[in-house]
Amino acid sequence: MRKIISSKVSCDEELLELCERLSRMNIDCTIESKGDHIKIYVFGYDKDSLNENYRAVMNLMDKVRRKYRKDKEGLYEYSLSELKYPVNKNLVIDALKTLGYKVIYLEDENAIKTDVDINKFNEILKELHELYQELRFSNLGSKPVKNLVVLVSYITKKPVDEVIEEALEKGFFREEEGKIVLNKDINLAKKVLLEGENGDKDIGEER
């Protein structure tokens, strides 16, 4: 038994991701493409298995589609459990908001909706991930402290060591039992380290 799904893709990247993710699913199906048109043949041993496989393929197509095509509000949707580069939720959301993008967190789906297209989104994630990796051997304490350092470094283009030194000098961080920990309100620290004492935001050169 089989069902046929006819659809369109918005770009080659959407088609490639769809093919890769279908190949990893334990579902009997094949896909054909011609230009931006695709046909997916879904098979099942009986009616129940066919319907189950069909629903799984449709759900996957919808999830992939939302990453590459805006909804009626002009937003893309990205699942935080499927990021190309592993960056924690709060850092991703803070970075996007600081850059001026719209961000909505969907708690039930553990996803975010934003007006950043997937190429720019992955570019941001890559840079945040690389900066976070620089802190692997640092003596920074909690995750919020690390997130703050990475965020400020990313936005201002200052090296992470320089951000840490500045935060220590201004009393936002302190050293305690060999660890660097938060010493003042984190929102105040973020505001001053990003905007300066006079509130002039330093976002560095355009990335």
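Taking amide H positions as placed 1.01 Å from N in the peptide plane, with prolines and chain starts having none, which residues 5 or more places from residue 38, or on another chain, fall under 5 Å of its amide H?
Answer set, sorted by chain and number: 7, 8, 9.
Using a 10 Å Cβ count of at most 15 others and DSSP loop calls, identify the longest part of the chain lacking such chymotrypsin sites (Phe, Trp or Tyr not before Pro).
Longest gap between qualifying sites, sites excluded: 46-136.
Quick check: residue separation of residue 195 and residue 108 times 0.36 nm, minus the Cα distance between them. What number comes out in nm? Mind dumping the intermediate values first?
Numbers: separation 87, 0.36 × 87 = 31.32 nm, distance 3.35 nm.
Difference between extended and current length: 28.0 nm.
Given the stretch 138-195, what whole percent of its Cα pairs are spread farther than 16 Å?
29
Would you rank 128, 80 by solvent-accessible area, highest first, keeping every protein chain in place and using a 1.4 Å probe? Present the calculation step by step, with values, prior to reporting the outcome.
Numbers: 128 0, 80 25 Å².
So the residues, ranked largest to smallest area, are 80, 128.
What percent does the relative contact order of the chain come to when contacts are Cα pairs within less than 8 Å and at least six residues apart?
13
May I ask you to list the trypsin sites (Lys or Arg not before Pro) in the stretch 1-63 that are in a DSSP loop and have at most 14 other Cβ atoms within 10 Å of their Cβ?
none
With +1 assigned to the C-beta of every Lys and Arg and -1 to the C-beta of every Asp and Glu, and no other charges, what is the dipole magnitude of the chain about the Cα centre in debye, to the nearest 20?
780
Return the long-range amide H neighbours of residue 28 (sequence gap of 5 or more, or a different chain), with a cut-off of under 5 Å between placed amide H atoms.
43
What ratio of Cα Rg to 2.2 N^0.38 Å holds for the stretch 1-69?
Numbers: Rg = 11.6 Å, N = 69, 2.2 N^0.38 = 11.0 Å.
Against the empirical 2.2 N^0.38 Å value, I get 1.05 for the stretch 1-69.
For residue 3, go through the aspartates and glutamates and keep the ones whose alpha-carbon is under 13 Å away, minus same-chain ones fewer than eight residues off.
Partners found: 28, 46, 48, 52.
Under 37 °C and 0.692 mPa s, how fast does the chain diffuse according to Stokes-Einstein, given a Kirkwood radius computed over C-alpha pairs? Answer in µm²/s, whole number.
Result for D is 167 µm²/s.
Which pairs break 28 Å Cα to Cα here: 70/157; 39/63; 84/146; 89/179; 126/190; 8/89?
Violating the 28 Å limit, Cα to Cα: 70/157; 8/89.
Taking the alpha-carbon distance from residue 170 and a cut-off under 16 Å, which aspartates and glutamates remain once sequence neighbours fewer than 8 residues away in the same chain are dropped?
161, 162, 185, 195, 197
Please state the charge dipole magnitude for the stretch 1-69, taken about the Cα centre, from unit charges on C-beta atoms (+1 on K and R, -1 on D and E), reported in debye and rounded to the nearest 20.
Taking the Cα centre of the stretch 1-69 as origin, the dipole is about 240 debye.
Counting only heavy atoms of the protein chains, get the accessible area per residue of the chain (1.4 Å probe) and round it to a whole Å² value. Could you put the intermediate results ahead of the total?
Values: 12260 Å² over 207 residues.
Heavy-atom SASA per residue in the chain reads 59 Å².
Under 1.5 on a/c is rounded, so check that first for the stretch 64-172, then, if it is not, pick prolate when a/b is larger than b/c and oblate when it is not; a ≥ b ≥ c are the square roots of the alpha carbon gyration tensor eigenvalues.
Prolate is the answer for the stretch 64-172, as a/c is 1.5 or above and a/b outweighs b/c.
Using 0.36 nm per residue of separation minus the Cα-Cα distance, give me the extension gain between residue 34 and residue 1 in nm, one decimal.
Extra length from residue 34 to residue 1 when fully extended: 9.5 nm.
Taking 7 Å along the Cα-to-C-beta vector as the label spot, tell me the residue 115-residue 23 distance in nanometres, rounded to one decimal.
3.7
The values are calculated or read from the model by the stated rules, or taken from the named source; none is laboratory data. These numbers come from a predicted model, not from an experiment. No Cβ is skipped: glycine too gets one built from the backbone with ideal geometry, and neighbour counts run over all protein chains shown. We work out accessible area using only protein heavy atoms, side chains counted, and drop any ligands, DNA or RNA first. Shrake-Rupley method; radii C 1.70, N 1.55, O 1.52, S 1.80 Å.
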